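*Asks:* Here you go, one structure.
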Amino acid sequence: MSARGPQSQAADIARQARELLGQVRESRWPGFAPPAKQAAPKPALRPAHKPAAPPRPPAPVIEAPSPWSSLEQIAQVVSTCTKCPLHATRTHTVPGEGAVKARLMFIGEAPGVDEDRLGRPFVGAAGQLLDKMIKGMGLARDQVFIANILKCRPPGNRDPQDDEVAACIPYLRAQIALIRPEVICSLGRHATHALLERKDPIGKLRGRFFEYRGSRLMPTFHPSYLLRTPADRKPAWKDLQQIMVLLGLPLPLPTPRPTEENN
Ligand code: URA
Ligand code: SF4
């Protein structure tokens with residue numbers, strides 16, 4: 001009999017233990033069942049047609065809070081503003097005017113020659129038509145707030161430039177934030193494009209409400225355009241009527257057609 005060393009005895013014990021464990025596993029006793037083989041994760045099937053991405057919620061407007069706490073303060077800051085080259089050619093700044101708690105704001109493009117001379121918005125020929133539009137809605141001029149995208153007149157009434165709009169629009173946004181109107185009516189393509197930051201033709205944008213910083217925004221035609229194109233006064237009036245409905249203002253009754261009897 002050969003003497004066996006402790007190492008080979010230990011190896012025997014380990015072999016026996018492995019055999020026993022194997023038998024126990026094969027007997028499938030509860031608790032000793034071999035772990036179910038985990039299926040390898042299948043690679044995700046690529047859909048034949050990429051499904052349309054769900055509509056993204058509008059990005060929240062993250063902006064530093066306005067440093068101004070009143071409309072007078074904004075007008076004061078505007079009166080000495082030199083943020084864009086228009087300061088050099090203006091006579092007066094035209095910050096805007098109207099009711100502090102206006103439910104409705106009209107926003108035009110920029111002061112013209114009359115506005116620059118007087119420092120008040122919409123006081124020339126276009127302003128007279130705007131006054132009629134406001135009156136037609138059953139409102140008075142001092143019940144609404146009237147402002148422009150630019151607070152200084154572009155020389156020769158040329159179109160506002162993007163860098164001028166970018167420099168000036170914080171004043172208007174601060175005015176809107178203080179007034180918090182229910183409805184903003186943007187007059188013409190320049191005002192509408194600057195506010196909505198999209199450049200579709202005004203004929204496509206007008207006549208429906210957009211969401212704008214907590215207000216509803218209705219683009220319509222500019223009164224200067226309506227002076228040149230009277231045929232478009234009818235659709236513009238429809239836009240204003242939509243605003244009246246939203247504000248709960250009474251719509252004027254349609255004028256009855258004359259009949260034979262009362263002719
Ligand atoms: N046109 C505008 O856009 N704004 C005014 O104030 C006057 C005319
Ligand atoms: Fe300032 Fe606006 Fe006048 Fe430019 S247009 S100088 S940004 S107030």
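The values are calculated or read from the model by the stated rules, or taken from the named source; none is laboratory data. This is a predicted model, so every value here is computed, not measured. Cβ placement follows ideal geometry from the backbone for every residue including glycine, while neighbour counts extend to all protein chains displayed.
*Asks:* Sort out which residues of the range 128-161 are over 20 Å from Q241 (Cβ atoms), more than 27 Å from the chain's Cα centre (by Cα) and within 13 Å of ligand 1 (Cβ to nearest atom), and write them in order of number.
*Replies:* Listed by number, the residues that qualify are Q128, N157.
*Asks:* Still on this structure, I have one more. Report, by residue number, each residue of the range 73-86 that is away from ligand 1 (no atom under 16 Å from the Cβ) and under 20 Å from R153 (Cα atoms).
*Replies:* I74, Q76, V77, S79, T80, C81, T82, K83, C84, P85, listed by residue number.
*Asks:* Is at least one residue of the range 115-123 part of a strand (DSSP E or B) and within 13 Å of ligand 1 (Cβ to nearest atom)?
*Replies:* no
*Asks:* Residues being more than 8 Å from ligand 1 (Cβ to nearest atom) and either at positive phi or assigned to a loop (DSSP other than H, G, I, E, B) (or both): count how many of those fall in the range 96-114.
*Replies:* Residues in the range 96-114 being more than 8 Å from ligand 1 (Cβ to nearest atom) and either at positive phi or assigned to a loop (DSSP other than H, G, I, E, B) (or both): 7 in total.
*Asks:* Are any residues in the range 173-232 polar (S, T, N, Q), within 12 Å of G108 (Cβ to Cβ) and touching a residue at least 60 places away in the same chain (Cβ under 8 Å), and if so, which ones?
*Replies:* S186, S224
*Asks:* Being within 16 Å of ligand 1 (Cβ to nearest atom) and either at pLDDT 95 or above or of a type in the set (D, E, K, R) (or both): is that true of I176 here? Write out each step before concluding.
*Replies:* Working: within 16 Å of ligand 1 (Cβ to nearest atom): no; either at pLDDT 95 or above or of a type in the set (D, E, K, R) (or both): yes.
Considered against the rule, which asks whether it is within 16 Å of ligand 1 (Cβ to nearest atom) and either at pLDDT 95 or above or of a type in the set (D, E, K, R) (or both), I176 comes out as no.
*Asks:* Exactly one condition in (1) more than 16 Å from ligand 2 (Cβ to nearest atom); (2) in contact (Cβ under 8 Å) with a residue 24 or more places away in the chain is not met by P121; state its number.
*Replies:* (1)
*Asks:* Okay, next question. Going by the conditions given, is A88 surrounded by 17 or more Cβ atoms within 10 Å (Cβ to Cβ), at pLDDT 95 or above and small (G, A, S)?
*Replies:* Values: surrounded by 17 or more Cβ atoms within 10 Å (Cβ to Cβ): no; at pLDDT 95 or above: yes; small (G, A, S): yes.
When the stated conditions are applied, A88 does not pass them.
*Asks:* Condition check: charged (D, E, K, R), touching a Cys at 6+ places or on another chain (Cβ under 8 Å) and surrounded by 10 or more Cβ atoms within 10 Å (Cβ to Cβ). Does D239 satisfy that?
*Replies:* So D239 passes the test.
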